[in-house]
Every structure is written in C-alpha cells, then in structure tokens.
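One structure is given below, encoded as structure tokens.
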Amino acid sequence: MAQRSVPPRPSPPLGTVGVRSLADAWRSGVFKSPHQSALQVDGTSISYRELDERARSLAAAISQADPSGAPVAVLGQRSLDAYLGVLGAVLAGRTYVPLHPGFPVDRTSGMLRRSAAATLVVGPEADDVARPLLESHEGELTVLFPTRRLPEWSATSGTSLPLDTRDIATTPHVESPRVSDESIAYLLFTSGSTGMPKGVGVSHANVSAYLSHAVSEYGYTPADRCSQMFDLTFDLSVHDLFATWMAGACLCVPTKRAAIAPAKFIRDEEITAWFSVPSAAMLMDRMRTMKP
C-alpha cells in the first residue's frame, strides 16, 4: 500500500523519466540533494554526500578484494551497515543478495552458497548468525564490517579476509563500472515452503523501468520523507530504498518495535510517503491511530 498526500496525476510513458541501473538511481539523489538527509536510521541522520562517500569506499574495498565481479551478500536488517552493504554492492557493479539475520543458519548457509557470493557484508545485529554461518562456510569469502572494528569472533570464523571500517575507509575510490541493462541488480530467495529456496534475479532494466514509473507516478520530491517498512529480503524493499533515493528524498527506518505499531513513528518522523501491506493500515485504523 503506497499512500501520498498529493492528488493522483496521469502517468507518463515508461522511460520518460529514466535511469538505467540502481547506481543511476542513487546518483540521481546525490545530484539533487547532496546536503540533505538520505537516510535516518538508529537515531542517526546521514546526508547524501556522506553516505555516498562511505558507500564508494565500500565499493572500492569490494572491487579490490574480489575483482571477479561475483555477487555481494548482505547479512543485516535495519542498520547502517545493511544499507551501506546494498549501496556498496550497487556502486561496485555487483548483484546484491540480502540475507535475513532472523533466518535459520542452515537455510542462510544454503542461500549464501547458491548465490555464489564472494563477499559478505555483516551488520552488528547479525553477529549471532554470522559466526556459525562463517564457521561452516566452505570456500573463500571476504567479510566486511563497514562501521566498526573487527569483532573478536571474526579471527576464528574461518573467513579468508575480514576487513573493518579502517580498511574500508582507506581504500582509494574507483569509478563505478557500467552495467548492462540485462545484468542482475539483486537476487532474492523464495521462502522454500515447497522445497529448497530458489534464487530469483531481477535485471537492472526491469527495476529501472519500475523506479522511473513509480517516482513519477507518486510524485516523490527531495522534500519527501519516505518509510522503509519492508525487509531487505522482500522485493518491495527495493521501492523503499531506490524510489526514495532516486528522488533525493529521505529514507526513514523505524525500529523493529516501531514497525509493529507505526502510527507514532509516522507522526514523529513526519512521514509524507508511506508504503506497507494493507494490514498495517487496517491495524492502525482499528486502533484509531490513523487519521486522514
């Protein structure tokens, strides 16, 4: 459910407001709103310029550690590390593969293996899963900790190359490679309810066409403050992140607790663009916390 406080207007043809990749969508926001907040998470607000600088450093570290072009897995949720992981992968021209820290280790291990990722970005909220995951992983894997020093457990995890915030910050930036329209932007795994989880890749051409249409259809502008309700392992999170950033707007991330009953979050953060499943609005309506 997407909700806007502006009247609907006719949709332009697809492609009239265009980007060709997720990196293009991000750069659009950096160009429009360099000094405005791009991300509000964990009580911290980060400008487009600062987030771009940090994401480019991470992209350079990814490219230097693994020149093969293999996918980048991101083990995290609702943290700066997780969003940096997504952007770092995108700016390195890689497919990003979100992994949920709340899933069972065996399931996550299988998804990591089948993704063929050579790099794993780990947020602090995922440490309890990351340690056994890496201890059981076969093959070389570069593990990145974008916002912190190496955790103690990383020394015994069996990882081939752990890099922390100091290593990443000192890596010289490189130009983001151009990606083909048909290359895979991100890889999501099915629930596996009927068997083994299967990876489903979405191309830059497909997601770019959607984003160009969505940003124009909903009239997002740099003045907007947009919700981020969906898990990164869910396809609709791509709208949350990249429609917001393409417009140069601010992505506002609720805590896990605030996401359950988000009315206060909406008011306190002055959310102007809300996107969620209909049941979230129905719950707020029943609790009489949703006003027109």
Query raised in the report: If only one of Leu232, Leu251, Leu241 is among the aliphatic types (A, V, I, L, M), surrounded by 21 or more Cβ atoms within 10 Å (Cβ to Cβ), touching a Pro at 6+ places or on another chain (Cβ under 7 Å) and within 17 Å of Pro98 (Cβ to Cβ), which one is it?
Result: Leu232
Requested in this report: Filter segment 73-84 down to the residues that are part of a loop (DSSP other than H, G, I, E, B) and among the small types (Gly, Ala, Ser), then identify the one that is nearest to Glu53 (Cα to Cα).
Outcome: Ser79
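Conditions tested, residue by residue: (1) more than 14 Å from Val97 (Cα to Cα); (2) not aliphatic (A, V, I, L, M).
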{"position": "Thr119", "(1), (2)": "no, yes"}
{"position": "Ala126", "(1), (2)": "yes, no"}
{"position": "Ala130", "(1), (2)": "yes, no"}
{"position": "Gly139", "(1), (2)": "yes, yes"}
{"position": "Val174", "(1), (2)": "yes, no"}
Requested in this report: Please indicate, with yes or no, whether at least one residue in segment 250-258 is assigned to a helix (DSSP H, G or I) and either at pLDDT 85 or above or charged (D, E, K, R) (or both).
Outcome: yes
Requested in this report: Considering only residues that are crowded, with 17+ Cβ neighbours inside 10 Å and free of Cβ contacts under 8 Å to residues at least 60 places away in the same chain, look in segment 33-69 and name the one that is farthest from Thr165 (Cα to Cα).
Outcome: Ser47
Report summary line: Here the residues within segment 95-112 that are among the basic types (Lys, Arg) and within 10 Å of Ala73 (Cα to Cα) are none
Report task. Among residues belonging to segment 131-148 that are out of contact with any helix residue (DSSP H, G or I) (no Cβ under 7 Å at 6 or more places or on another chain), among the charged types (D, E, K, R) and not in a helix (DSSP H, G or I), point out the one that is farthest from Val72 (Cα to Cα). Result -> Glu138
Query raised in the report: In segment 33-66, which residues are assigned to a helix (DSSP H, G or I) and of a type in the set (A, V, I, L, M, F, W, C)?
Result: Leu51, Ala55, Leu58, Ala59, Ala60, Ala61, Ile62, Ala65
Report task. Taking the residues in segment 161-186 that are farther than 19 Å from Asp52 by Cα and free of Cβ contacts under 8 Å to residues at least 24 places away in the same chain as candidates, determine which candidate is surrounded by the fewest Cβ atoms within 10 Å (Cβ to Cβ). Result -> Glu182
Query raised in the report: Quick check: anything in segment 98-106 over 29 Å from Ile271 (Cα atoms) and of a type in the set (Phe, Trp, Tyr)?
Result: yes
Query raised in the report: How about segment 219-240: which of its residues are of a type in the set (Gly, Ala, Ser) and assigned to a helix (DSSP H, G or I)?
Result: Ser237
Query raised in the report: Can you name every residue in segment 160-218 that is within 17 Å of the chain's Cα centre (by Cα), under 26 Å from Ala61 (Cβ atoms) and not in a strand (DSSP E or B)?
Result: His204, Val207, Ser208
Report summary line: In segment 113-139, anything loosely packed, with under 15 Cβ neighbours inside 10 Å and of a type in the set (D, E, K, R) is listed as Arg113, Asp128, Glu135, Glu138
Report summary line: Over segment 85-130, the set of residues assigned to a loop (DSSP other than H, G, I, E, B) and of a type outside the set (A, V, I, L, M) is Gly93, Arg94, Thr95, His100, Pro101, Gly102, Phe103, Pro104, Gly123
Query raised in the report: Of the residues Phe234, Phe230, Phe242, which single one is under 21 Å from His35 (Cα atoms) and of a type in the set (A, V, I, L, M, F, W, C)?
Result: Phe242
Requested in this report: Among the residues of segment 23-32, count how many are surrounded by 21 or more Cβ atoms within 10 Å (Cβ to Cβ) and among the hydrophobic types (A, V, I, L, M, F, W, C).
Outcome: 3
Report task. Taking the options Arg9, Arg20, name whichever one is farther than 22 Å from Leu188 by Cβ, out of contact with any Pro (no Cβ under 8 Å at 6 or more places or on another chain), modelled with pLDDT under 95 and among the basic types (Lys, Arg). Result -> Arg9
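The values are calculated or read from the model by the stated rules, or taken from the named source; none is laboratory data. Everything numeric here is computed off the predicted structure, so don't read it as measured data. Glycine also receives a Cβ, built like all others from the backbone with ideal geometry; neighbour counts cover every protein chain displayed.
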